[in-house]
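Input: a single structure, listed below in structure tokens.
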Amino acid sequence: MYRQQDAEDKEYVGFASLPNQLHRKSVKKGFDFTLMVAGESGLGKSTLVNSLFLTDLHKDRKLLNAEERIHQTVDIIKHTVDIEEKGVKLRLTIVDTPGFGDAVNNADCWRRVCEYVDDQFFQYFCDESGPNRKKIEDNRVHCCLYFLPPFGHGLRPVDVAFMKALQEKVSIVPLIAKADVLTPGETKALKGKLRDEMDAHDIKVYQFLHGDSDDDDDDSKQEELKVSMPFAVIGSNTVVEVRGQRLRGRMYPWGFVEVENPSHCDFVKLRTMLIQTHMHDLKDLTCDLHYESFRARFISAMNSKMAAEQRAESPLPPPSLSSDEARKKKDEQMRRMQHMLHTLQQQMHQHSL
Ligand code: GDP
């Protein structure tokens, strides 16, 4: 009797092992991920990053006093660390934004962050069009954790301005920082209020669409993540022995808050989403959506500028040139091209293209 299994065995050509080849290649090459953290100083950004990746990324940090913070402009600082777990290497880059939201007038403080994200796209665009495409250093930002204060009563103008300016350029994951200062009821109410206000301002945050979970009920997982947004998180650099177990958390006179206890905060949800299930999706979105839309806008701006320059030039056909003259003309075209790219980059900063 004809059996489907026999047929399958006979027709086995081996492409079922393709995923293994990919797996081996990726492990050998290693992974990279660039995470931006934004929010005003003191909200626990560095502590959370250290708790997430169990690495001290900010040991050389200079802490400013209150007066210095008022005058500080938004700075961008990159920390890169190579971490390894069970033979899998991850090159993690954290882009910190000290000074964000610290000044008296924070109306424009999102601008520097926007410029940084655009500059990374621009650099990638130039490298991709250059002669050495194989060794491109990719510094594009894959995700931005945006820290909202737990003490407020909803979104502040600076939060709205930041998220609206960045939402088309990077996947934003909003967080309620230092959630241990809130009761469960307060956390629930603040989450609801923040979600409503985000909808009202048409703010688009990351949607957890294409996660990689082992479960079949992907939709319910996605829904669970969506209703937990903004994740209420707690960070801590201390590990304490409680009930015979070594736990990361914060000790108070009234008890111990566990960072990794899902009934205390959403830290585990955030870590699982960011590292185990959605890191690839975040990277894909950066390449396929955010970078592609930057590229399309940039090329269309470049074409319009070139067309305008050509119209301004003489309409007569070019005379035949000697090789020396041709080289000079090529150099001149190259110089103009570079000048044009530079001008476009400046315009991009001014108008947030
Ligand atoms: P950053 O300036 O945003 O990077 O903030 P830091 O990570 O330096 O934290 C500022 C202060 O807040 C430190 O004293 C931390 O110990 C404390 N801190 C950090 N995370 C939490 C948290 O989740 N809850 C509470 N209560 N304090 C926190």
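Please compute the net charge surrounding residue 162, taking Lys and Arg as +1 and Asp and Glu as -1 over other residues with Cβ under 12 Å from its Cβ.
+2
Taking a 23 Å limit on the Cα-Cα distance, which of the listed pairs 164/226; 135/204; 204/283; 78/135; 86/178 fall beyond it?
Correct reply: 135/204; 86/178.
Give me P(r) over region 131-222, computed from all C-alpha to C-alpha distances, binned every 10 Å, as integer percentages.
14, 36, 31, 14, 5, 1
Between residue 85 and residue 189, what is the FRET efficiency for a Förster distance of 35 Å, r being their Cβ-Cβ separation, to the nearest 0.05?
According to the calculation, E is roughly 0.40.
Over 32 Å between Cα atoms, which of 45/221; 169/269; 45/305; 28/269 qualify?
Details: 45/221 26 Å; 169/269 24 Å; 45/305 42 Å; 28/269 28 Å.
With Cα atoms farther than 32 Å apart: 45/305.
For region 183-285, which chymotrypsin sites (Phe, Trp or Tyr not before Pro) pass both filters: DSSP loop (anything but H, G, I, E, B) and at most 10 other C-beta atoms within 10 Å?
254
Over region 77-194, what is the relative contact order in whole percent, taking alpha-carbon pairs under 8 Å and six or more residues apart?
21
What net charge do the residues around residue 151 carry, taking every other residue with its C-beta under 12 Å from that of residue 151, with Lys and Arg at +1 and Asp and Glu at -1?
With Lys, Arg at +1 and Asp, Glu at -1, the net is 0.
Could you run the Debye sum over the Cα atoms of region 158-203, one equal point scatterer each and no solvent, and tell me log10 of I(q)/I(0) at q = 0.26 Å⁻¹, two decimals?
Listed by q, the Debye log ratios stand at -1.00.
From Cα pairs below 8 angstrom and at least 6 apart in sequence, can you work out the relative contact order of region 178-295, rounded to a whole percent?
25
Tell me the per residue accessible area of region 80-167 using a 1.4 Å probe; a whole number in Å² is fine. Could you put the intermediate results ahead of the total?
Details: 4220 Å² over 88 residues.
Value returned for region 80-167: 48 Å² of accessible area per residue.
The values are calculated or read from the model by the stated rules, or taken from the named source; none is laboratory data. Everything numeric here is computed off the predicted structure, so don't read it as measured data. We place every Cβ from the backbone using ideal geometry, glycine too, and count neighbours over all the protein chains shown. Protein only, heavy atoms only, side chains kept; ligands, DNA and RNA dropped before computing areas. Shrake-Rupley method; radii C 1.70, N 1.55, O 1.52, S 1.80 Å.
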